[in-house]
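Every read-out reported here was derived from the displayed coordinates using simple, explicitly stated rules and does not represent laboratory data. Since the structure is predicted, the reported quantities are computational estimates derived from the model, not experimental observations. All Cβ positions, even for glycine, are placed from backbone atoms using ideal geometry, and neighbour counts span all protein chains on display.
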Amino acid sequence: MRDRFTEMSAQQIVIVDLTSGQATHSREAPSYELPMHRVVYRQMQNVAAIVHTTLSVLRSPLPPVIDEMMVYFGGTIDVADYAFTGTEELGENVVRALGDHSAVLLANHGNVCVGRDIETALHTAITMEAAARVYVQALQIGEPIALPDSSIEAARAMFRHRTRDRR
Ligand SMILES: [Zn+2]
């Protein structure tokens, strides 16, 4: 994922009018996922960046079993109900499953990470992938232990501080 970002050029970025959905001043066509992105931006005023990647098949939530998962995701990463790729319905399902968290899994599809800027959203996506890998590896040798309630409260406060004043 990092390599593809370092290879991106400014000309590849598609500028879209959020209201009309029309691309402006861009050579490339917008992603077919534009309807989902528009729904999230329109309904979540504190979101200014979205990172969307693929590969999610189990419809299984990712619980916070490491402190940093609470700090960066705000809690369990839930699974949004299935809707077909490229539809506004998918965006509606994403908004509903996100709540005030920063990441969500998409049933039979992938994930969506949001943030106040692209660096935050990208960091969340990279951290989510690493956390998912750790969780899957841990399941192979035992049952991951939930964080204590006191840690969850402290980490939620850090998450709120990290996500305030977006957009
Ligand atoms: Zn997609």
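Observations on the structure shown:
- Residue within the stretch 136-155 that is within 30 Å of Ala29 (Cβ to Cβ) and either exposed (fewer than 14 other Cβ atoms within 10 Å of the Cβ) or out of contact with any strand residue (DSSP E or B) (no Cβ under 6 Å at 6 or more places or on another chain) (or both) present: no
- The number of residues in the stretch 91-109 being of a type in the set (Asp, Glu) and either buried (at least 24 other Cβ atoms within 10 Å of the Cβ) or more than 16 Å from the ligand (Cβ to nearest atom) (or both) comes to 1.
- Whenever a residue of the stretch 82-96 is free of Cβ contacts under 8 Å to residues at least 40 places away in the same chain, its partners that are of a type outside the set (Gly, Ala, Ser) and assigned to a helix (DSSP H, G or I), lying with C-beta atoms within less than 6 angstrom and at least six residues away or across chains, give the pairs Ala83/Glu89; Ala83/Leu90; Ala83/Asn93.
- Residues that are part of a loop (DSSP other than H, G, I, E, B), more than 16 Å from the ligand (Cβ to nearest atom) and hydrophobic (A, V, I, L, M, F, W, C) are absent from the stretch 110-122.
- Hey, Val65 of a type outside the set (S, T, N, Q), more than 14 Å from the ligand (Cβ to nearest atom), assigned to a loop (DSSP other than H, G, I, E, B) and in contact (Cβ under 8 Å) with a residue 24 or more places away in the chain or not: yes
- If you go through the stretch 26-50 and pick out every residue that is touching a strand residue (DSSP E or B) at 6+ places or on another chain (Cβ under 7 Å), farther than 17 Å from Ala121 by Cβ and more than 16 Å from the ligand (Cβ to nearest atom), you end up with 1.
- Residues in the stretch 18-59 that are surrounded by fewer than 13 Cβ atoms within 10 Å (Cβ to Cβ) and either of a type in the set (Ser, Thr, Tyr) or closer than 22 Å to Val134 by Cβ (or both): Thr19, Ser20, Thr24, Tyr32, Thr54, Leu55, Val57, Leu58.
- Count of residues meeting criterion [within 11 Å of the ligand (Cβ to nearest atom) and not in a loop (DSSP other than H, G, I, E, B)] in the stretch 69-90: 1
- Taking the stretch 19-47 as the range and being of a type in the set (A, V, I, L, M), closer than 16 Å to Val94 by Cβ and in a loop (DSSP other than H, G, I, E, B) as the test, the residues that pass are Met44, Val47.
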